[in-house]
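Every number here is computed from the coordinates shown, using simple stated rules; none is lab data. None of the values given here were measured: they were computed from a predicted structure. Here the Cβ is made from the backbone with ideal geometry for all residues, glycine too, and neighbour counts use every protein chain on show.
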């Protein structure tokens, strides 16, 4: 048995997050079930030897580069792991890791990407979830907010965590048609921080909040609940990269090809679903 790291991609839509929880389906449950089916994890064991994961994505959040490490036999390749994983969870690359490697603690950078629906010529309520139509989003104001929210700060007002809230994120946004593609990276994140950063930047970009709201968020005083920043919806968020300085991942070509096929099928299904929903909506005008 040797310590190996695996890149895991998943569609988080049908999962209650990555980390195991009682009585609900999680990505970690799916991985452990696959390892038990492959007899890599004993049925009585809580988790594999040497096991750790790069992060704990929230319910509904997807991943391209979630990374796990565990003591595994030589034959356990991404392709072998996929034989027992559900279709919406796919291993696609692996790397040999040193004995002291820890998938959580040894990551030097994590990157998330958020696909914010914000049409240039029409208002968007993509983050508010409200039936009312808010002020259209202004790209320049959004980028200004991203710049102001980047750097070393205490984000205690943007997370339910009550300790270890000092972080140094970097935020950037680029326009891609009807979407703003927002990348948020840091060595690590407090709970819900990424989605609350997105929500605050969006509120500033629509004019619902002034830019000075950021100064209030960074102040030492807690923000009252009615003035707080709610997290943005999780479904547009993807864990796109986790960087380890001493690992070289080798793509399993067959596993990656099958994973691409799975996610391409899901892209087609969702485009079809969007067309159907659009016809129903348009038919009531």
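In table form, for the structure just shown:
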| item | result |
| --- | --- |
| Mean separation of Cα contacts under 8 Å (6+ apart) over length of the chain, as relative contact order % | 23 percent |
| Tilt relative to the chain, helix 253-282 - C-alpha long axis, 0 to 90 degrees, to 10 | 30 degrees |
| FRET efficiency estimate (nearest 0.05) - Cβ-Cβ, residue 279 to residue 49, R0 41 angstrom | 0.20 |
| For segment 109-238, projected area of the alpha-carbon convex hull averaged over all directions, nm² | 7.4 nm² |
| Taking segment 109-238 and dividing mean pair separation by its residue count, relative contact order in percent (alpha carbons under 8 Å, at least six apart) | 32 percent |
| Cα centroid of segment 21-61 to Cα centroid of segment 83-97, whole Å | 12 Å |
| Stretch gain in nm, segment residue 105-residue 87, where the contour uses 0.36 nm per residue and the Cα spacing is subtracted | 3.6 nm |
| Alpha carbon centroid spacing (whole Å) that separates segment 163-206 from segment 213-285 | 12 Å |
| Cα-based helix-to-principal-axis angle, 139-149 vs the chain, degrees rounded to 10 | 60 degrees |
| Cα pair count fraction exceeding 22 Å, expressed as % - segment 161-285 | 57 percent |
| Estimated FRET transfer efficiency when R0 is 51 angstrom, pair residue 227-residue 253 (beta carbons, to 0.05) | 0.50 |
| Burial ranking of peptide ranges 205-218, 60-73, 260-273, 79-92 (average Cβ count within 10 Å, highest at the top) | 60-73, 79-92, 205-218, 260-273 |
| Cα-Cα separations in the chain greater than 34 Å, expressed as whole percent | 26 percent |
| Length gained when the stretch residue 218-residue 181 is fully extended (0.36 nm per residue, less Cα-Cα span) | 10.9 nm |
| Acute angle (nearest 10 degrees) that the helix 193-206 long axis makes with the longest principal axis of the chain, alpha-carbon atoms | 20 degrees |
| Over segment 2-106: Kirkwood hydrodynamic radius from C-alpha pairwise inverse distances, Å | 13.6 Å |
